[in-house]
Every structure is written in structure tokens, then in C-alpha cells.
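Taking it in order: structure first as C-alpha cells, then the write-up.
The values are calculated or read from the model by the stated rules, or taken from the named source; none is laboratory data. The structure displayed is predicted, hence computed values, not measured ones. Because the Cβ atoms are built from the backbone with ideal geometry, glycine has one as well, and the counts that use them run over all protein chains shown.
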Amino acid sequence: AQKVTQAQTEISVVEKEDVTLDCVYETRDTTYYLFWYKQPPSGELVFLIRRNSFDEQNEISGRYSWNFQKSTSSFNFTITASQVVDSAVYFCALSERTGANNLFFGTGTRLTVIP
Amino acid sequence: DGGITQSPKYLFRKEGQNVTLSCEQNLNHDAMYWYRQDPGQGLRLIYYSQIVNDFQKGDIAEGYSVSREKKESFPLTVTSAQKNPTAFYLCASSSGRAAFGELFFGEGSRLTVL
């Protein structure tokens, strides 16, 4: 069965610190897709990244970077030089090719960036 | 602006009443979804629709019903059969299947049962 674990419930950092949000997944499918979404206080989830299981290249987008390691079933998210606007709940999610209409979400990590 | 509009933002209901949450999108997306979010939990799929006049149950469909009569609209009814309806409900849409792209979300509807 598929499962996404975000062990960090809440993290607080001081502005400009780097922070890594952990995501560990379980799946039996060889083809699957991993996602990160951000949920700001306004409520809507905002898409950050999608990765398929065959692409283990790390990705960098501005201050954001993602580290995908199939060997440890992890898809971690790092924010460099955090800013107050990064304060939000971050969700990691998994979709399998056999159930491509559904995303299985982790429980989320609430990040608070203190000015 | 293109996006997803959910209404109402806040809703209070007495036990035993049905309520309907509205979701409208102007992104011309074929697929629409309803998720439920409880405190400290991830999102769970209630129903999804890949095309007009067709919809499928998700992981927690019991006590809920939907319709998809128009491409842009996917209302969710929370029936009195739903045992614990107090939650935050999120509607989303996508151009294809959820795994293959990005989901666009509305700002949610918070339902409280009194």
C-alpha cells in the first residue's frame, strides 16, 4: 500500500536560515510520481514540484531545492535563506501509475519563519 | 483571472441537515476533485470526475454525493449520513489525471456541524 510520511510536524527557523523538510514514501509500483505542495494561511494548496520515479536528478528553483533518493525512498525539500513568506504548511504527496487519479498526501509540516 | 472558486468559505450546519458546497472553475479543465482535510492530517480524496456526467468514489466517499452536469462545476453535498462532517473541504482541478500534472486548488470551505 502507498504511504507518505512527513515526520516533522512543526519546524521553526529564524529568517535567513536554511531548512529541510523530510518526506519518506512507500509504494509497490515501479512507476510513481512525487509532489510537493505549499498551503499558505489563505488555504489553497499551491503546486511546487512534480517528479517521476525515473528521474532522480535533483532540482533547484531559486531558493528551493529537492533531493530525490530512491535508495532511501525519500524526496526532501530544502529552502535556502528562508523568508517570512515561506511560512506555510508543506505537503509531500505520492501518486502511482495504477491509481493516477489520486494523490496520497502526507500529514504536512508546518514551517514558521521568525523575522 | 483563471482559477477555482469555492463557496461558501465558512458554513455552519445543524446535525441531520444536508449541505452543498460549491466549486466552479474557469480553467477549462476536464478533471475535478474534492478533498477533505482534518487537523494534523493530510488531504483525503472524496470524489473525482474526469469528464462531464461521470464521477468516481475516492477513499472516503461515504456520506457524500456529487454531480458533474457542467464542465466548470462540481458541487459536493455533505449528507446527514456523514458521521463526522466537520472539516475543511478543498476542491481542485487538473487538465489531465492527477498524477501527470499539477492540481489547482480553491481556497476551501470550512464546515462546522453544531
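Structure notes:
- If only residues of the range A:18-49 that are more than 28 Å from A:I114 (Cα to Cα) and assigned to a strand (DSSP E or B) are counted, the one that is nearest to the other protein chains (Cβ to nearest Cβ) is A:Y33.
- Within the range B:75-104, tally of residues that are within 14 Å of chain A (Cβ to nearest Cβ), under 16 Å from B:I51 (Cα atoms) and part of a loop (DSSP other than H, G, I, E, B): 4
- Some residue of the range A:51-61 being within 26 Å of B:G58 (Cα to Cα), more than 9 Å from chain B (Cβ to nearest Cβ) and touching a residue at least 40 places away in the same chain (Cβ under 8 Å): no
- For A:N76, the requirement of being touching a Cys at 6+ places or on another chain (Cβ under 7 Å), farther than 23 Å from B:L90 by Cβ and not in a loop (DSSP other than H, G, I, E, B) is met.
- Taking the criterion of being within 27 Å of B:G108 (Cα to Cα) and either modelled with pLDDT of 95 or more or within 14 Å of the chain's Cα centre (by Cα) (or both), the residues of the range A:25-43 that qualify are A:Y25, A:Y33, A:L34, A:F35, A:W36, A:Y37, A:K38, A:Q39, A:P40.
- Residue within the range B:9-21 that is closer than 20 Å to A:V46 by Cβ and not hydrophobic (A, V, I, L, M, F, W, C) present: yes
- Meets criteria (in a strand (DSSP E or B), of a type in the set (V, I, T), in contact (Cβ under 8 Å) with a residue 60 or more places away in the chain and touching a Gly at 6+ places or on another chain (Cβ under 8 Å)) for B:T5: yes
- Pick from the range B:36-71, criterion in a strand (DSSP E or B), among the charged types (D, E, K, R) and more than 9 Å from chain A (Cβ to nearest Cβ), ranking: nearest to B:E107 (Cα to Cα): B:R36
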